[in-house]
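K.L.:
For reference, the structure I am asking about is given below.
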Amino acid sequence: MNAEIRALLDVVLEALDLPHPATAGGAEVYDEIRGERATHVVVALRSVLDERPLMSIEWTTDYLREQLAKHPATGYVTVAQAHAELAKGKSWSEAVTLPAEDGRA
């Protein structure tokens, strides 16, 4: 596989493979972030697959990375984070509560 294509596919996977929320309450934030990221993936793929693309695959990959940085997977507690907090002896309620500084504005 071509290195440029592999790099693009790595970024596409990064965009869509977000950690799952620990609770239904985190699902709304998760869905919002994933939706934004999926939109950017579609734009990038359409650009690359165009018969006469305006930009190179490398440029499109870099642009997609920039857009993903604007939509980080934050603002919800992930399953892995909750399990880590439970392992520390916290209650379920404590484990799935997002720290105030991590909340989304």
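K.L.:
What do you get for GluC sites (Glu not before Pro) in region 2-105 restricted to DSSP loop and a cutoff of at most 12 other Cβ within 10 Å of the site's Cβ? It would help to have the intermediate numbers written out before the result.
P.N.:
Working: sites: Glu4, Glu14, Glu28, Glu32, Glu36, Glu51, Glu58, Glu66, Glu85, Glu94, Glu101; in loops: Glu51.
Passing both the DSSP loop test and the Cβ count: Glu51.
K.L.:
Given a 1.4 angstrom probe, what's the average accessible area per residue across the chain, in square angstrom? Mind showing how you got there, number by number?
P.N.:
On the way: 7120 Å² over 105 residues.
Here the per-residue accessible area is 68 Å².
K.L.:
Here is a follow-up. Return the distance in nm (one decimal) between the two label points of a simple spin-label model at Trp92 and Thr23, each offset 7 Å from Cα along Cα→Cβ.
P.N.:
1.1
K.L.:
GNM, the chain, Cα, under 10 Å: largest mean-square fluctuation among Pro72, Pro19, Pro53?
P.N.:
So, out of Pro72, Pro19, Pro53, the one fluctuating most is Pro53.
K.L.:
Turning to a different aspect of this structure: Can you give the extra length, in nm with one decimal, that the chain gains between Ala69 and Met55 once fully stretched, where that is 0.36 nm per residue apart less the Cα-Cα distance?
P.N.:
Values: separation 14, 0.36 × 14 = 5.04 nm, distance 2.02 nm.
Here the answer is 3.0 nm.
K.L.:
With r as the distance between the Cβ atoms of Ala84 and Glu32 and R0 = 30 Å, compute the FRET efficiency 1/(1 + (r/R0)^6) and round to 0.05. Present the calculation step by step, with values, prior to reporting the outcome.
P.N.:
Details: r = 24 Å, r/R0 = 0.79.
Efficiency computed from Cβ-Cβ geometry: 0.80.
K.L.:
Taking the Cα centre of the chain as the origin, how large is its charge dipole in debye, to the nearest 20, when only Lys and Arg (+1) and Asp and Glu (-1) carry charge on their Cβ atoms?
P.N.:
Numbers: 10 positive and 17 negative charges, 25 e Å.
That gives a dipole near 120 debye.
K.L.:
What FRET efficiency comes out for Thr39 versus Ala7 if R0 is 30 angstrom and r is the Cβ-Cβ distance? Round to the nearest 0.05. Write out the running numbers ahead of the final one.
P.N.:
Numbers: r = 20 Å, r/R0 = 0.67.
It comes to 0.90.
K.L.:
Given DSSP loops and a limit of at most 11 other Cβ atoms within 10 Å, what is the longest stretch of the chain that contains no such trypsin sites (Lys or Arg not before Pro)?
P.N.:
Working: sites that count: Lys70, Lys88, Arg104.
It runs 1-69.
K.L.:
Is it possible to state the helix-based mean residue ellipticity at 222 nm for the chain, with each DSSP H run of 4+ residues giving -39500 (n - 2.57), the sum divided by total residues, to the nearest 500 deg cm²/dmol? What is it? Mind showing how you got there, number by number?
P.N.:
Values: 5 runs with 66 residues, N = 105.
Taken over the chain, the calculation gives -20000 deg cm²/dmol.
The values are calculated or read from the model by the stated rules, or taken from the named source; none is laboratory data. No experiment lies behind these values; they were computed from the predicted model shown. Cβ: placed from backbone, ideal geometry, glycine included. Neighbour counts: every protein chain shown. Please note that ligands, DNA and RNA were not included when accessible areas were found on the heavy atoms of the full protein model with its side chains. Shrake-Rupley method; radii C 1.70, N 1.55, O 1.52, S 1.80 Å.
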